[in-house]
Amino acid sequence: MAPPPPLDRLGRSLGVLRLSLTARCNLACPYCLPDGQEPAGLLTQEQRLAVIRAAVALGVRSLRLTGGEPLLHPGLEALIAEAAPLRGQEAAADAEPSDTPKTVATAHRQKPALAEIALTSNGTLLTAARARALRHAGLDRITLSLDGADAASVARMAGLAEAAAGERALAAVLAALEHARSAGFDPAAGQLKLNAVIQRGSNDEQLLPLAQLARERGVELRLIEFMDVGTRNGWHGGAVVPAAELLQRIGQRWPLEPLGRSAGGTASRWRYRDGGGVLAVVASVSEPFCGDCNRLRVTADGIAYTCLFAHPGSGVDLRPWLAADDSPTRLIQGLTALWQRRDDRYSEDRSQAQPHRPRHAEMAYLGG
């Protein structure tokens with residue numbers, strides 16, 4: 001019988017593993033500013049799989065592969081293919097014949113299983129062949145990033161030197177959307193989405209053009225408030241465009257009706273009344289959702305964090321439990337203890353007066 005999933009000090013269970021595969025990126029978005037090189041001691045493929053298996057044993061249903069830019073990781077497709085069978089572990093631990101009626105006792109013996117494997121990418125490296133390979137390996141969902149609908153805005157938000165580079169990046173991401181769609185990632189089923197970080201004074205004039213682009217392409221646009229992650233991005237509250245304003249500005253052009261936010265989800269979703277699709281907003285600054293946060297983050301070098309806004313020295317190094325001769329039980333026990341002492345709720349506490357902005361680990365290191 002599978003044990004009940006651990007709960008943290010606020011009664012939250014573990015449901016999502018965000019696993020960073022690399023700290024490197026081929027872009028230099030100013031709200032993220034990734035490192036130019038990998039940290040020492042990157043996890044091996046087998047160590048990553050061990051982390052995934054342990055997290056699934058503790059109740060993780062969604063595996064999100066991140067970076068940096070995860071398409072820079074040469075073993076990406078192989079990792080997905082090896083993790084994909086974890087979705088097939090929903091058979092009872094004590095297997096019963098297929099004609100045996102399901103009972104409450106049988107249900108309690110269900111093994112934990114993944115429900116989805118997802119990927120977040122900037123999209124500039126997603127060729128048609130790569131999209132097909134990812135789908136064939138077992139990837140269920142892909143979210144691409146685009147912070148502007150014209151060359152100058154893309155260049156500015158991607159840290160590119162000139163508009164010509166922004167034009168190439170924009171064309172690459174738009175092509176990537178179609179490559180993903182052709183490979184079988186269906187936007188109507190939520191398998192293909194578009195992320196956009198909106199920062200006042202930098203790209204907030206792109207709000208309506210981005211919404212128009214997403215409507216035309218038939219993909220859900222996820223607007224993300226500029227967050228105070230890390231210390232390099234020059235964050236200040238005045239640069240945040242609150243969710244209410246984002247929705248008001250878009251709603252004036254295309255009226256919206258609410259769909260709500262799923263339990264443990266990061267995005268509140270809205271439907272265009274004219275049938276033009278779905279819009280989502282991630283409002284971790286103005287409307288925090290710490291109360292049901294279920295995410296564990298593991299960096300490319302094996303440091304586990306329980307909050308995106310964690311202090312850079314607060315993570316737990318999983319590598320001592322990932323030695324070749326160590327038992328998986330120790331890793332599971334270590335993750336259980338980490339989760340059970342978790343009490344993070346930074347976004348809900350952010351409004352309290354603080355003499356100084358606290359130091360946070362960098363977004364590219366944590367996987368966003």
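Across the stretch 12-21, coupling constants 3J(HN,Hα) worked out from phi with the 6.51/-1.76/1.60 Karplus curve, θ = phi - 60°, read 9, 9, 7, x, 10, 10, 9, 10, 7, 9 Hz, and Gly and Pro carry x.
Sequence-ordered 3J(HN,Hα) estimates for the stretch 219-228 from the Karplus curve with 6.51, -1.76 and 1.60 and θ = phi - 60° stand at 10, 6, 9, 10, 7, 10, 5, 4, 10, 8 Hz, glycine and proline given as x.
Under a 5 Å amide H cut-off, with hydrogens placed 1.01 Å from N, Gln191 pairs with Asp186 among residues at least 5 apart or on other chains.
When Ser327, Ser284, Ser314, Ser347 are arranged by Cβ crowding within 10 Å, least crowded first, meaning fewest neighbours, the order is Ser327, Ser314, Ser347, Ser284. Taking amide H atoms as placed 1.01 Å from N in the peptide plane, list the residues 5 or more away in sequence, or in a different chain, whose amide H sits under 5 Å from that of Thr66. Result for Thr66 returns Leu19, Ser20, Leu21.
Arranged from fewest to most other beta-carbon atoms within 10 Å of their beta carbon, Arg200, Arg253, Arg18 become Arg253, Arg200, Arg18. Working note: Karplus 6.51/-1.76/1.60 with θ = phi - 60° gives the stretch 299-306 the couplings 6, 4, 9, x, 9, 9, 10, 9 Hz, where Gly and Pro are set to x. Among Leu14, Leu318, sorting on how many other beta-carbon atoms sit within 10 Å of each Cβ, with the fewest leading, yields Leu318, Leu14. Please work out the C-alpha center-to-center distance from the stretch 129-146 to the stretch 158-177 and express it in whole Å. A separation of 19 Å, based on Cα centres. For the pair the stretch 200-214 / the stretch 284-317, the C-alpha centres are spaced 28 Å from each other.
Model label sites at Gln340 and Leu208, defined 7 Å from Cα along the beta-carbon direction, differ in position by 5.6 nm. A Cβ-based charge dipole, computed about the Cα centre of the stretch 213-366 with Lys and Arg at +1 and Asp and Glu at -1, lands at about 300 debye.
Helix-only estimate, please: 222 nm mean residue ellipticity of the chain, summing -39500 (n - 2.57) across DSSP H runs of length 4 or more and dividing by its residues, to the nearest 500. Display every interim value, and only then the final one.
On the way: 11 runs with 107 residues, N = 368.
For the chain, the value works out to -8500 deg cm²/dmol.
Annotation: amide H-H contacts under 5 Å for Asp317 (H modelled 1.01 Å from N, sequence separation of 5 or more, or interchain): Ala304.
No value in this document is a laboratory result; all are computed from the given coordinates. Every value quoted in this text rests on a predicted model; they were computed, and no experiment measured them. Positions of Cβ are backbone-derived with ideal geometry, glycine not excepted, and every protein chain shown enters the neighbour counts.
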